[in-house]
Amino acid sequence: RIYEQVVIGGVGLFYSGKDTNVSRISFANYIGTLDLNKNWPGIQGIGFSIPVKAKDLKIHEKNIQSEGFPNFKIRPIGKRNEYSSIIYLEPFDWRNKRAHGYDMWSNEMRRSAMARARDDGEAATSGIITLVQETSEDIQKGFLTYLPVYKTKQTPKDTKERQKYFVGWVYAAFRADDLMKGIIG
C-alpha cells in the first residue's frame with residue numbers, strides 16, 4: 001500500500017488542474033521530487049499511458065513526434081483495434097526510454113490489469129512479466145500497478161461511466177529484485 005501511494009499521488013497531479021491535462025514538464029518535475037531511487041527502491045519508473053483507437057494511431061504518433069521525439073512509434077508495430085501508448089515515463093533515463101511508446105494493451109497480462117483498473121476504478125497489479133526496460137544483463141522479473149484517471153476527477157459510479165470518462169493510466173513499473181532489496185535491505 002505504501003508503494004501504491006506513489007501512483008495515487010500521480011493521479012492527484014492529473015486532478016490538480018482545471019482539467020486532466022498535465023504537461024510533460026510538470027509530470028517530470030513531480031516525479032523528480034519523489035526521488036524514486038532513494039525513497040521508493042524497486043520502482044523503475046512512474047508513467048502515464050493513454051488509450052489510442054486504431055483510427056487515431058497516425059495522428060497520435062505525429063503529435064508525440066512534434067513534441068521532440070521524431071522517431072516515436074507505438075510498439076509493437078501491428079494492426080490492432082485498440083492500442084495504448086506510454087507518453088510519459090520518469091525518470092526518462094536510458095532504461096525507461098526503451099518503453100516510451102510501448103503498447104501495454106498488446107500484452108494479455110498487462111491488458112488484464114489495465115482493464116481491471118479502468119473498469120473497477122481502483123489500483124490493479126499485473127502478474128509477473130519482463131519489463132520492456134530490461135536488457136540482456138541483470139534481467140529481473142517485474143510487474144506493474146495501474147490506477148485510472150477519469151475526466152470527472154473522481155471515480156464514476158459504474159463500469160459504463162468509468163469507460164466513458166476514462167482518460168488513461170498512471171502506473172508504476174517495478175523490478176522485483178530491486179524492490180525486495182529495497183524493502184528488506
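Bear in mind these aren't lab numbers, they're just calculated from the coordinates by the rules spelled out. Quick caveat: nothing in here was measured; it's all calculated off a predicted structure. Please note: Cβ atoms are built from the backbone with ideal geometry, for glycine as well, and neighbour counts cover all protein chains shown.
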With label points built 7 Å along Cα→Cβ from the Cα atoms of Ser66 and Gln154, find their separation and express it in nm. 3.5
Given a cut-off of under 8 Å on Cα pairs at least six residues apart, what relative contact order in percent is computed for the chain? 27
Shape parameters for the range 28-145, alpha-carbon atoms, Rg then Dmax in Å: 14.5, 42
Largest fluctuation, Ser23, Ser126, Ser136 only, Gaussian network model of the chain with Cα springs under 10 angstrom, belongs to Ser136
